[in-house]
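The values are calculated or read from the model by the stated rules, or taken from the named source; none is laboratory data. The shown structure was predicted, so the numbers you read here are calculated from the model rather than taken from an experiment. Methodologically, a virtual Cβ is constructed for each residue, glycine included, from the backbone with ideal geometry; neighbour enumeration extends over all protein chains shown.
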Amino acid sequence: MTTDESIARALAWAGRRFAHLGENARLDAEVLLAGLLAVERSYLLTWPERRLPPALLVRYRAQVARRASGYPVAYLTGVREFWSLELRVTPATLIPRPETESLVEVALTALSNIIQPTVLDLGTGTGAVALALAAERPDATVVAVDICPEALTVARCNARRLGLQHIRFLLGDWLEPAGDRRFHLIVANPPYIAPTEPEIGCTNLRFEPLTALLAQEQGLAELRRIVSGATANLHRGGLLAVEHGYRQSAAVRALFRIAGFQGIRTEIDLQGHPRLTFGFRPNDAPV
């Protein structure tokens, strides 16, 4: 690529550099260039012959090189869309994934008949799930917890940008910051990848914070802690919903049964994988 290139030629060059990354090569090329130009992707298709400034091409080449090495597009652009919300992301946070929107869907269904519900989001990261629920249910009181101060800074920033002020962000380890407070709903997307899983070293995951990805006990350690302790922070009939690995559904349902949950179900994600398990605290459980 020369220092005097059109949009079309720059995109074609980047697409070739990204060919090994799979079917999203062209999309990645467009997203990066649109971000640098501060335009919508449709602009690139409308004005393919526009010449790009040399300084911008230098920046584009640098971003393309990093993306070609596997570095995530979301970290390069600093944004990711989730539930139609544009969220800021940084290397201190996991990148929100489309499959996690299933967690929001289940949560909204559970809250549909509850006026002014209380919600606890564990491991909030960018705030994606908490912000989606707050956007859909402005009458809800949402508490979002994360053990990483840098992640909470990003989540608070996202809440301010989106004008979602009815969320309280707390620093701490899973349920601990909630104390003895009870909620109608607890949602969690904890680490659930075993350290021995091969994809950690050979996919984009290697660039994301490992503390938010990896868990001991075949990936079940943090799920076990959340499920075993959640009933103490749920109202009678309250729902716990957790995301997990697609090979963990049977093990996670067993954790729910051991903890005394009822109506336990596993839902599939957008790819058809069993990704989400939920259960209800019994109405006759001790207070």
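Is at least one residue of region 46-59 in contact with a His (Cβ under 9 Å, 6 or more places away or on another chain), surrounded by fewer than 21 Cβ atoms within 10 Å (Cβ to Cβ) and not in a loop (DSSP other than H, G, I, E, B)? Checked region 46-59: no residue is in contact with a His (Cβ under 9 Å, 6 or more places away or on another chain), surrounded by fewer than 21 Cβ atoms within 10 Å (Cβ to Cβ) and not in a loop (DSSP other than H, G, I, E, B). Of the residues making up region 208-220, those that are buried (at least 16 other Cβ atoms within 10 Å of the Cβ) and on the phi < 0 side of the Ramachandran plot are Glu208, Pro209, Ala212, Leu213, Leu214, Ala215, Leu220.
Going residue by residue through region 188-196, is there one that turns out to be closer than 23 Å to Leu85 by Cβ and aromatic (Phe, Trp, Tyr)? Within region 188-196, none of the residues are closer than 23 Å to Leu85 by Cβ and aromatic (Phe, Trp, Tyr). The residue that is surrounded by the most Cβ atoms within 10 Å (Cβ to Cβ), among those in region 105-146 that are among the β-branched types (Val, Ile, Thr) and in contact (Cβ under 8 Å) with a residue 60 or more places away in the chain, is Val129. The residues of region 222-256 that are over 20 Å from Ala178 (Cα atoms) and surrounded by fewer than 17 Cβ atoms within 10 Å (Cβ to Cβ), listed by number, are Tyr246, Arg247, Ala250, Ala254. Taking region 179-208 as the range and being under 20 Å from Ser69 (Cα atoms) and at pLDDT below 80 as the test, the residues that pass are Pro198, Glu199, Ile200, Gly201, Cys202, Thr203, Asn204, Leu205, Arg206, Glu208.
Return yes or no: is Val58 under 30 Å from Pro149 (Cβ atoms) and either outside the structural domain of His244 (by TED's automatic domain parsing) or in contact (Cβ under 8 Å) with a residue 40 or more places away in the chain (or both)?
Considered against the rule, which asks whether it is under 30 Å from Pro149 (Cβ atoms) and either outside the structural domain of His244 (by TED's automatic domain parsing) or in contact (Cβ under 8 Å) with a residue 40 or more places away in the chain (or both), Val58 comes out as no.
The set of residues in region 6-37 being closer than 17 Å to Ala62 by Cβ and not in a helix (DSSP H, G or I) consists of Phe18 alone.
Just to check your reading of the model, which residue among Gly237, Gly260 is over 23 Å from the mean Cα position of the chain (by Cα), part of a loop (DSSP other than H, G, I, E, B), assigned by TED's automatic domain parsing to the domain that holds Val143 and touching a residue at least 24 places away in the same chain (Cβ under 8 Å)? The unique qualifying residue is Gly260.
Of the residues examined, Thr109 is not one that is over 26 Å from Pro274 (Cβ atoms), in the same structural domain as Gly237 (by TED's automatic domain parsing), in a helix (DSSP H, G or I) and β-branched (Val, Ile, Thr).
Here Ala65 passes the criteria (1) assigned to a helix (DSSP H, G or I); (2) farther than 22 Å from Asn189 by Cα; (3) out of contact with any helix residue (DSSP H, G or I) (no Cβ under 9 Å at 6 or more places or on another chain) except the one numbered (3).
Could we say that Ser42 is surrounded by 14 or more Cβ atoms within 10 Å (Cβ to Cβ), farther than 30 Å from Leu240 by Cα and among the small types (Gly, Ala, Ser) here? It is false that Ser42 is surrounded by 14 or more Cβ atoms within 10 Å (Cβ to Cβ), farther than 30 Å from Leu240 by Cα and among the small types (Gly, Ala, Ser).
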